[in-house]
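Engineer: For reference, the structure I am asking about is given below.
The values are calculated or read from the model by the stated rules, or taken from the named source; none is laboratory data. The structure presented is a predicted model; accordingly, all values stated were derived computationally and were not measured. Cβ placement follows ideal geometry from the backbone for every residue including glycine, while neighbour counts extend to all protein chains displayed.
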Protein chains: 4
Amino acid sequence: MIIVLRQGSTKEQQILLKAALEEKYNVTVNTWTGVESTVLGLIGDTVHIDEDWISAQEIVEKVRRVQEPYKKANRKFHPDNTVITLPGGQKIGDGSLCIMAGPCSVENEEQINYVAERVKNAGAGFLRGGAFKPRTSPYSFQGLKAEGLDLLKGARKATGLPIVTEIMSAAHIEMFESVDIIQVGARNMQNFDLLKQLGKTDKPILLKRGLANTIEEWIMSAEYIMAGGNDNVILCERGIRTFETATRNTLDLSAVPIVKKLSHLPVIVDPSHATGKAGLVEQMALAAVASGADGLMIEVHNDPRHALSDGAQSLTPDQFDSLTKKVFALKAAYDGIMNGEII
Amino acid sequence: MIIVLRQGSTKEQQILLKAALEEKYNVTVNTWTGVESTVLGLIGDTVHIDEDWISAQEIVEKVRRVQEPYKKANRKFHPDNTVITLPGGQKIGDGSLCIMAGPCSVENEEQINYVAERVKNAGAGFLRGGAFKPRTSPYSFQGLKAEGLDLLKGARKATGLPIVTEIMSAAHIEMFESVDIIQVGARNMQNFDLLKQLGKTDKPILLKRGLANTIEEWIMSAEYIMAGGNDNVILCERGIRTFETATRNTLDLSAVPIVKKLSHLPVIVDPSHATGKAGLVEQMALAAVASGADGLMIEVHNDPRHALSDGAQSLTPDQFDSLTKKVFALKAAYDGIMNGEII
Amino acid sequence: MIIVLRQGSTKEQQILLKAALEEKYNVTVNTWTGVESTVLGLIGDTVHIDEDWISAQEIVEKVRRVQEPYKKANRKFHPDNTVITLPGGQKIGDGSLCIMAGPCSVENEEQINYVAERVKNAGAGFLRGGAFKPRTSPYSFQGLKAEGLDLLKGARKATGLPIVTEIMSAAHIEMFESVDIIQVGARNMQNFDLLKQLGKTDKPILLKRGLANTIEEWIMSAEYIMAGGNDNVILCERGIRTFETATRNTLDLSAVPIVKKLSHLPVIVDPSHATGKAGLVEQMALAAVASGADGLMIEVHNDPRHALSDGAQSLTPDQFDSLTKKVFALKAAYDGIMNGEII
Amino acid sequence: MIIVLRQGSTKEQQILLKAALEEKYNVTVNTWTGVESTVLGLIGDTVHIDEDWISAQEIVEKVRRVQEPYKKANRKFHPDNTVITLPGGQKIGDGSLCIMAGPCSVENEEQINYVAERVKNAGAGFLRGGAFKPRTSPYSFQGLKAEGLDLLKGARKATGLPIVTEIMSAAHIEMFESVDIIQVGARNMQNFDLLKQLGKTDKPILLKRGLANTIEEWIMSAEYIMAGGNDNVILCERGIRTFETATRNTLDLSAVPIVKKLSHLPVIVDPSHATGKAGLVEQMALAAVASGADGLMIEVHNDPRHALSDGAQSLTPDQFDSLTKKVFALKAAYDGIMNGEII
């Protein structure tokens, strides 16, 4: 960590700050004096250092981290990829392409069972479906809640697919006990209380990126879960908010290789929420595979025209059949190319 | 609400969609046929209509709302300003300038009592202070929690200032029973579960704008609280996230007159979090007054250099004395000018 | 085009506005009266209608276009893909993957000839290189200018590769006479004077997307060139500006399928400028291929460590060899998959 | 300037880089070795150093500037405010509030003369009006061009108000010879060729901030003009592009105190373009005064409903009368408060 001091700071002030830093954070501090400014360099473990505290010191102009502010999620300290393995043996992050698919909202037994069957046949390895739904309007459909969870479990029993569903409150953690992967939605990415509680469980957590969050903040939220003792975090890029209005959000595919460089956690891509338009999902799913993603999360609805939420971005089962054929074929080609087998 | 249909939709499809809309939402639907497109116009109460459902219909190209999607927070239906009155008689939204001030975090009894005394003497009407702190890093100071709430109550007893403090979980609502104004932080603006639970209380809620949320979404989150039965919502602009890095966030002062036009709720401004720099707070507080804000929220710390959080943006009590003198003087001039008394 | 009128507008005002619109723009105007608002619908060619003029009418609340505001670049009116063919027979937009590669700046004869030779051998079809360089700082290297153009022509002679280079002023159009493709940089995307002058030439124009421009504005800038009579426009996505700081810009790959839907013009992707990091270029080039792009623009430098500009994002010739092998292999697989030949 | 080296760089590589930096840029380089990284500190004048070149070095991980990358526009080297004085004695930046007002576009003699007369009577010190208009659509009104300039000169003769008008091409500089203040529009803020040509004139240049440009980039564009020898630059904040759609752009008033801290150049605010809505202009003009701005640029049209451009954001002369009364009254109060005369 590097601290640039203000012009005009006195030698005495510098000595006092150096001493305070060394005592407070157990680091060694080097001083380097330039023509127009003096810079302090901190040597040691800086993850626990509070930048705010340093910024507030009278003689401090700027603080710059050299090391990332996270440790457990950091590839530097854990060079090997994290592979999430479910009790049923399904793996995420092992080099294969996992596909999570299903309706935005669970609506009724017939619907979820039909969709589960179809996405399984098309090659999906996981069933997604919302029981608790975050909606911008209090007047929109809010999900079937506990009943929705039961319907998901029924569909799991029928198909064998593990289920992925979103949690909206730490008070529901017990209710999510038999869910296979718990999803934290984009709007709750920095609901730190929820992250802490999830850190105490041993469930795999699918952590969606917040609409206005940097990649570093996203990994820091994973670190919150991991700091609590739960290392099973899957990151999910689902678009960020920009000025562009042609898509619901802007899918940031460069986040995939960046996360893979900075962290050992698996990262998947949700082109349905990112684009908000069914007509773009297949194309962006293909692009996500070629960006190196570990998986895809795709909305599929038996009848998108009558979906209770997000119908505009849902694929029909037939469209999903077409998509999976293409993405698995592209994944095979991609792996061959990256392994040097296809030239 | 206006629905633009795709080119090539058949007469039969149009009749079916019209019938579905009329049945599902109890509205009247007018059809208007242009050269290149057909448009449906919905007449009636459209607040409860789900745009997603309509967008997902096969023959629909675009949906445009003509009316705002909120009702209780909408000035059209409640032309008079909402004035929040606390049991002690303090008012927000009555035309006066309310000032909420105090440290980012409550740190200890001496600190909070000293700051409370100082901000009261400078003219603040409310004491702010964080007991539960949302921090990007799990390794940063997370607040004194329940102990912090007790210290705030002690400072209230000593000074008579009502207290404003942030809640981070619906599980804490009981613990916040004797808090005067409950704050919902920017990162929880769309924590819909929390909003719903707060809607069941009768506490005034200070709702900060999310870092990447539009003004419409912000008002929709107020609507969530109001839909539950709690009309006591105060909006707080605290900066949005943009590409600019010279400030922590970009303070959007045009949000003040826009909110006042669209809604009857009071709106205050937090220049401390918006700018992130103590040196900009006074200037932006003055600008906020001239933008028509109902109040200000300002961070003040007895010793910013040793603050446990956000020290870089905190004012000293002396700086706050200077700020309040200026903002009250400007508010007096501003009121005189707007009333036509000063020319 | 749909015009929502303000509440309280009188019948007389509506009649006057309707008459004014019909006279001014030669359209038919339908009136539709709802419970809370009246809406006008304009039938006819609305491309030439000035939204600003309508917005300014006293009784107008909102104006919404139903049709796109561009015509010549619009796929609706030109369903077939535009294919740009150079005098030497090279094609862009014909379904093949064109690769434009070369250094950010032309530095000297040896450098440009060496890089040209290498990128040609690796499979690039076009040589890119900057002679006039837009730089944020007036103190940075500004390009070799006319001398740089001569060196590019020399490299073309040696390799047969057509040259692509950026123009920074309409005053230089004559000097660019023998350039094969003229590039308009992101910062000049709305330099309308330059666009108009280029519309009078018959040169293919590579139009980069502006850092903060929507896809619609980008196509409108293409329309400027086409309105002048030059239909040879190639669009180039090169990243937009967002809050994310891990990459230089955020590459918006969903722009590719959107542009292909809205317009018949070819669209290529520049992962070098978008990411700003050599280590991300190959991965995002692969993702661009899978997004359906017609081509790639890649920075290659003989010795990135000594490049006079943008070295951090340049590949070495060896890295470029590796990239082209992979992208051509992926393109072949992608084509096979999309054609249904590979399953 | 601080350079963080990659982990694993060898002692020999470090020595070579140090030597290269010292030779190339005539600076002294200090090396500081930490546990996990090595950092170089450059001592001397770093304004001319090319960050790109350094970033591209194999062993470099990050480069951080400690000093601003501009010199002539930097307050550190020119502590006193720049005051622009026109031949007629009008001043900008001397502590008074300058108001530039007039129509978006000059439309005809009667219009411009009438508006000029009215804004003069209301207290404006400068007449603004567009002769060359940057429009997103090639089919929109593009301005009266040379004829517009003549009409502006006529209005100047009639009223004595100096004229401010936008230039769109360096080819027009001669034609702008008798314009008093030449405006560079937001879309041309990084049209570096234009900036260089304007640097060779001695005209005051009003430089609008680009829609997606940081404050640092904006000052760098001023530096371009100043590097050419023309120190008469006035900065104009006019809103930046964000995700918010309630306003045309987001007015960034914190830019005013930041520019004043970083630079000695005057800075004015254009609330008309920033908000795009006439109903918000007065309120944001007042806020701009309280943010410390040196002036305002306001669109006024004799008949906004029939304006050929930007009518929705134009005030009527009567509305402008009201605005100037209020802003001058607020400016007087503001000055009294800041000088300590009003308490």
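Engineer: Out of all the residues in region C:234-279, which are under 15 Å from the mean Cα position of the chain (by Cα), small (Gly, Ala, Ser) and in a loop (DSSP other than H, G, I, E, B)?
Structural biologist: C:Gly239, C:Ser254
Engineer: Quick one: count up the residues across region A:14-37 that are more than 13 Å from chain B (Cβ to nearest Cβ), at pLDDT 80 or above and crowded, with 19+ Cβ neighbours inside 10 Å.
Structural biologist: 2
Engineer: Right, another one. Taking region A:250-271 as the region of interest, how many residues are touching a strand residue (DSSP E or B) at 6+ places or on another chain (Cβ under 6 Å) and more than 7 Å from chain C (Cβ to nearest Cβ)? Walk me through how you get there before you give the answer.
Structural biologist: Step one: of region A:250-271, the residues touching a strand residue (DSSP E or B) at 6+ places or on another chain (Cβ under 6 Å) are A:250, A:252, A:255-256, A:259, A:265-270.
Remaining after also requiring more than 7 Å from chain C (Cβ to nearest Cβ): A:255-256, A:259, A:265-270.
The number of residues fulfilling the criteria is 9.
Engineer: How about region B:305-343: which of its residues are of a type in the set (Lys, Arg) and closer than 27 Å to A:Ala20 by Cα? I'd like the intermediate steps shown before the answer.
Structural biologist: Start the filter on region B:305-343 by keeping residues that are of a type in the set (Lys, Arg), which leaves B:305, B:325-326, B:331.
B:Arg305, the sole residue that qualifies.
Engineer: State which residue is farthest from the other protein chains (Cβ to nearest Cβ) when the search covers only region B:277-309 and only residues that are under 21 Å from A:Lys62 (Cβ atoms) and in contact with a His (Cβ under 9 Å, 6 or more places away or on another chain).
Structural biologist: Once the filter is applied, the top-ranked residue is B:Glu299.
Engineer: Then there's this: Could you tell me which of the residues C:Val47, C:Val83 is within 13 Å of chain D (Cβ to nearest Cβ), modelled with pLDDT of 80 or more and touching a Lys or Arg at 6+ places or on another chain (Cβ under 7 Å)? Lay out the reasoning, then the answer.
Structural biologist: Values: C:Val83 fails: within 13 Å of chain D (Cβ to nearest Cβ).
Being within 13 Å of chain D (Cβ to nearest Cβ), modelled with pLDDT of 80 or more and touching a Lys or Arg at 6+ places or on another chain (Cβ under 7 Å) holds for just one of C:Val47, C:Val83, which is C:Val47.
Engineer: Another one. Restricting to region D:25-52, what's the tally of residues that are within 24 Å of C:Gln142 (Cα to Cα), in contact (Cβ under 8 Å) with a residue 24 or more places away in the chain and out of contact with any strand residue (DSSP E or B) (no Cβ under 8 Å at 6 or more places or on another chain)?
Structural biologist: Residues meeting the conditions: 2.
Engineer: Going residue by residue through region B:315-323, is there one that turns out to be more than 9 Å from every other protein chain (Cβ to nearest Cβ) and part of a loop (DSSP other than H, G, I, E, B)?
Structural biologist: Step one: list which residues in region B:315-323 are more than 9 Å from every other protein chain (Cβ to nearest Cβ), which gives B:315-323.
Cutting the leftovers down to part of a loop (DSSP other than H, G, I, E, B) gives us B:316.
Yes - at least one qualifying residue is present in region B:315-323.
Engineer: If you don't mind, another one. Can you tell me which residue among D:Glu299, D:Glu282 is in a strand (DSSP E or B), over 15 Å from the mean Cα position of the chain (by Cα) and modelled with pLDDT of 95 or more?
Structural biologist: Values: D:Glu282 fails: in a strand (DSSP E or B).
After ruling out the rest, the residue left standing is D:Glu299.
Engineer: Name the residue that is nearest to the chain's Cα centre (by Cα), counting only residues in region A:1-48 that are part of a loop (DSSP other than H, G, I, E, B) and hydroxyl-bearing (Ser, Thr, Tyr).
Structural biologist: Among those residues, the one meeting the criterion is A:Thr46.
Engineer: Follow-up. What single numbered condition from (1) at pLDDT 95 or above; (2) more than 18 Å from A:Val300 (Cβ to Cβ); (3) within 14 Å of chain B (Cβ to nearest Cβ) fails to hold for A:Ala131?
Structural biologist: Unmet condition: (2).
Engineer: Suppose the filter is within 16 Å of the chain's Cα centre (by Cα), modelled with pLDDT of 95 or more and assigned to a strand (DSSP E or B); does D:Ile182 pass it? Write out each step before concluding.
Structural biologist: Numbers: within 16 Å of the chain's Cα centre (by Cα): yes; modelled with pLDDT of 95 or more: yes; assigned to a strand (DSSP E or B): yes.
In short, yes.
Engineer: Could you tell me whether A:Thr242 is touching a Ser or Thr at 6+ places or on another chain (Cβ under 9 Å), surrounded by 23 or more Cβ atoms within 10 Å (Cβ to Cβ) and touching a residue at least 12 places away in the same chain (Cβ under 8 Å)?
Structural biologist: Details: touching a Ser or Thr at 6+ places or on another chain (Cβ under 9 Å): yes; surrounded by 23 or more Cβ atoms within 10 Å (Cβ to Cβ): yes; touching a residue at least 12 places away in the same chain (Cβ under 8 Å): no.
The answer is no for A:Thr242.
Engineer: Scanning region B:51-76 for residues that are more than 14 Å from chain A (Cβ to nearest Cβ) and either over 18 Å from B:Ser221 (Cβ atoms) or not in a loop (DSSP other than H, G, I, E, B) (or both), which turns out nearest to the chain's Cα centre (by Cα)?
Structural biologist: The first filter runs over region B:51-76 and keeps only residues more than 14 Å from chain A (Cβ to nearest Cβ), leaving B:66, B:75-76.
Keeping just the survivors that are either over 18 Å from B:Ser221 (Cβ atoms) or not in a loop (DSSP other than H, G, I, E, B) (or both) gives B:66, B:76.
On the way: B:Val66: 24, B:Lys76: 19 Å.
Among those residues, the one meeting the criterion is B:Lys76.
Engineer: Taking into account only those residues within region D:126-143 that are more than 20 Å from C:Ile225 (Cβ to Cβ) and out of contact with any Leu (no Cβ under 7 Å at 6 or more places or on another chain), which is surrounded by the fewest Cβ atoms within 10 Å (Cβ to Cβ)?
Structural biologist: Keep residues of region D:126-143 that are more than 20 Å from C:Ile225 (Cβ to Cβ), which gives D:126-131.
After this cut, where a residue has to be out of contact with any Leu (no Cβ under 7 Å at 6 or more places or on another chain) as well, the list is D:128, D:130.
Working: D:Arg128: 30, D:Gly130: 28.
Looking at residues that are more than 20 Å from C:Ile225 (Cβ to Cβ) and out of contact with any Leu (no Cβ under 7 Å at 6 or more places or on another chain), I get D:Gly130.
Engineer: Quick check on region D:160-167. Is at least one of its residues modelled with pLDDT of 95 or more, crowded, with 24+ Cβ neighbours inside 10 Å, in contact with a Leu (Cβ under 8 Å, 6 or more places away or on another chain) and part of a loop (DSSP other than H, G, I, E, B)?
Structural biologist: For region D:160-167, residues modelled with pLDDT of 95 or more, crowded, with 24+ Cβ neighbours inside 10 Å, in contact with a Leu (Cβ under 8 Å, 6 or more places away or on another chain) and part of a loop (DSSP other than H, G, I, E, B): present.
Engineer: Looking at (1) within 14 Å of another protein chain (Cβ to nearest Cβ); (2) surrounded by 15 or more Cβ atoms within 10 Å (Cβ to Cβ), can you tell me which one D:Val119 breaks?
Structural biologist: (1)
Engineer: Provide a single number: the residues in region B:259-272 that are of a type outside the set (Asp, Glu) and surrounded by 24 or more Cβ atoms within 10 Å (Cβ to Cβ). Please lay out each step first, then the result.
Structural biologist: Looking only at region B:259-272, we keep the residues that are of a type outside the set (Asp, Glu), and these are B:259-269, B:271-272.
With surrounded by 24 or more Cβ atoms within 10 Å (Cβ to Cβ) added as a condition, the list becomes B:259, B:263, B:265-269, B:271-272.
Selection size over region B:259-272: 9.
Engineer: Being within 14 Å of chain C (Cβ to nearest Cβ), under 16 Å from D:Ala274 (Cβ atoms) and surrounded by 20 or more Cβ atoms within 10 Å (Cβ to Cβ): is that true of D:Ala312 here? Lay out the reasoning, then the answer.
Structural biologist: Details: within 14 Å of chain C (Cβ to nearest Cβ): yes; under 16 Å from D:Ala274 (Cβ atoms): yes; surrounded by 20 or more Cβ atoms within 10 Å (Cβ to Cβ): yes.
In short, yes.
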